[in-house]
1. Filter the helices (runs of 4 or more DSSP H) completely within the range 80-151 down to those with at least 2 residues that are touching a strand residue (DSSP E or B) at 6+ places or on another chain (Cβ under 9 Å), within 21 Å of Val235 (Cα to Cα) and at pLDDT below 90.
2. Specify which of the listed residues (Ala352, Ala322) is modelled with pLDDT under 85 and closer than 18 Å to Cys198 by Cβ.
3. Applying the selection to the range 246-268, what residues are in contact (Cβ under 8 Å) with a residue 12 or more places away in the chain, farther than 19 Å from Ser196 by Cβ and exposed (fewer than 15 other Cβ atoms within 10 Å of the Cβ)?
4. Which residue, of Ser215, Ser236, Ser220, is of a type in the set (S, T, N, Q) and within 23 Å of His363 (Cα to Cα)?
5. Name the one entry in Leu55, Leu19, Leu28 that is farther than 19 Å from Ala315 by Cα, in contact with a Cys (Cβ under 9 Å, 6 or more places away or on another chain) and buried (at least 18 other Cβ atoms within 10 Å of the Cβ).
6. Check the range 327-342 and report whether any residue there is touching a Gly at 6+ places or on another chain (Cβ under 9 Å) and among the hydrophobic types (A, V, I, L, M, F, W, C).
7. Among the candidates Val256, Val249, Val235, Val228, single out the residue that is β-branched (Val, Ile, Thr) and touching a Cys at 6+ places or on another chain (Cβ under 9 Å).
8. Can Arg304 be described as modelled with pLDDT of 90 or more and among the basic types (Lys, Arg)?
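The values are calculated or read from the model by the stated rules, or taken from the named source; none is laboratory data. Here the structure is a predicted model, which is why all the values come from computation and not from measurement. Note that we place each Cβ from the backbone using ideal geometry, even for glycine, and neighbour counts take in every protein chain shown.
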Amino acid sequence: MLSLHLLSYGLFAPIVGHLADRWKPKRLMLMGVTIIGTAAALCSLGSELWHFYLLFGILTPVGLACCGSPVMNPTIANWFQDRRALALALAQLGGGLSYVYVVLVEYTIEILDWRIAYIVMGITVVTILLPLIFAFYHFHPSNKGLLPFQSLATRRRPKNRPGHRQIERPEWTLRQALASHRLWLLVISNMLFWGSGCYLVLAHQIKFAMDMGYSGIFASTVFAIFGVAMVIGQVSSAVSDIVGRELTVLISTVLVVFAISLLSGVTDSTRPWMLYVYAITFGFGAGLYSPTIFIGAADIFHGRHFGTLNGIILAGLGLGGAIGPSLGGYLHDFYGNYRYAFFFAIASFVVAGISFIAASPRHYRQRH
């Protein structure tokens, strides 16, 4: 079901990104929130498995694409000419906090009922997000007669600054961008890192911990710790404005490879500290990567077609996500353990890191 959800999201993301470039992004946002809230509430009526495949696997990702990263990432890139990493890191905090929200949802189900919990989620999404979008959302600062944010240092910088070795940013046409190897390296990186790497592990980490003898509550706690660490990593990704996108992704790759290697070493329930260290390291590393992949893409491709190109990069996540969780389950069933699934995840992270570095956003980044 998760694989279908991610595949659907990957298929719809480029379409929504293209619409954001050409249509009215605010309408897309409002449609997306309405679809998500409705789909969540309708899950309360589910009585057959296919109901959830339809609602969660197909309808929900349509809503997420309309009000999520395919529209929000170009919005952030439009509003912030400088400090994009910090801006997108703060904007993505909700993604990490959502893993903590899972604990609250589980608690609601135990107190009330899973059907009521779905209704509560649907109502909450609509009543909170619709007013926020109506009141505050603007796709581009020009919609309010404003200019993109520039730091004080940038505003004061002489136009012909000596030693400024930045390659002049091209105004990409869609055809040029689609023919660029840099775009497809970013697609591969996102596909392997989050799609077939992170989602493989996240889909199976609770089952793995329980197989090792830990309780479901302990396993869910580890999941929440991952979410908190991911939030910290997302905020810390703002350092890429200083040290560069490539070094940030390199650090992220080293951290997640270490985390999964540590997880692979868990063989029983006698060393819970290993799962704690895994959750913190994995969450922080994944958080570092999450905004940086899109900031690197904006460094290279920001312009009138960035919504479409951002959607294509997100499609890579969907394709990898369609493979990762299912492949992890298949390898577990075939070999009787998660060792080979985790090895595949590690290989995915390594190739993802290499692909991002090879895309070289530094050649297009505005230096300050």
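1. Values: elements: 84-91, 93-111, 114-136.
Ranges flagged: 84-91.
2. Working: Ala352 fails: modelled with pLDDT under 85.
One residue alone meets the criteria, Ala322.
3. First, the residues of the range 246-268 that are in contact (Cβ under 8 Å) with a residue 12 or more places away in the chain: 246, 248-264, 266-268.
Checking which are farther than 19 Å from Ser196 by Cβ leaves us with 246, 248, 250-251, 262, 266-268.
Residues satisfying the conditions are Thr267, Asp268.
4. Numbers: Ser215 fails: within 23 Å of His363 (Cα to Cα); Ser220 fails: within 23 Å of His363 (Cα to Cα).
So the residue among Ser215, Ser236, Ser220 that is of a type in the set (S, T, N, Q) and within 23 Å of His363 (Cα to Cα) is Ser236.
5. Details: Leu19 fails: farther than 19 Å from Ala315 by Cα; Leu28 fails: farther than 19 Å from Ala315 by Cα.
Every option except Leu55 fails the conditions.
6. Within the range 327-342, one or more residues are touching a Gly at 6+ places or on another chain (Cβ under 9 Å) and among the hydrophobic types (A, V, I, L, M, F, W, C).
7. Working: Val249 fails: touching a Cys at 6+ places or on another chain (Cβ under 9 Å); Val235 fails: touching a Cys at 6+ places or on another chain (Cβ under 9 Å); Val228 fails: touching a Cys at 6+ places or on another chain (Cβ under 9 Å).
Answer to the selection: Val256.
8. Numbers: modelled with pLDDT of 90 or more: no; among the basic types (Lys, Arg): yes.
No; evaluated as a whole, the condition is false for this residue.
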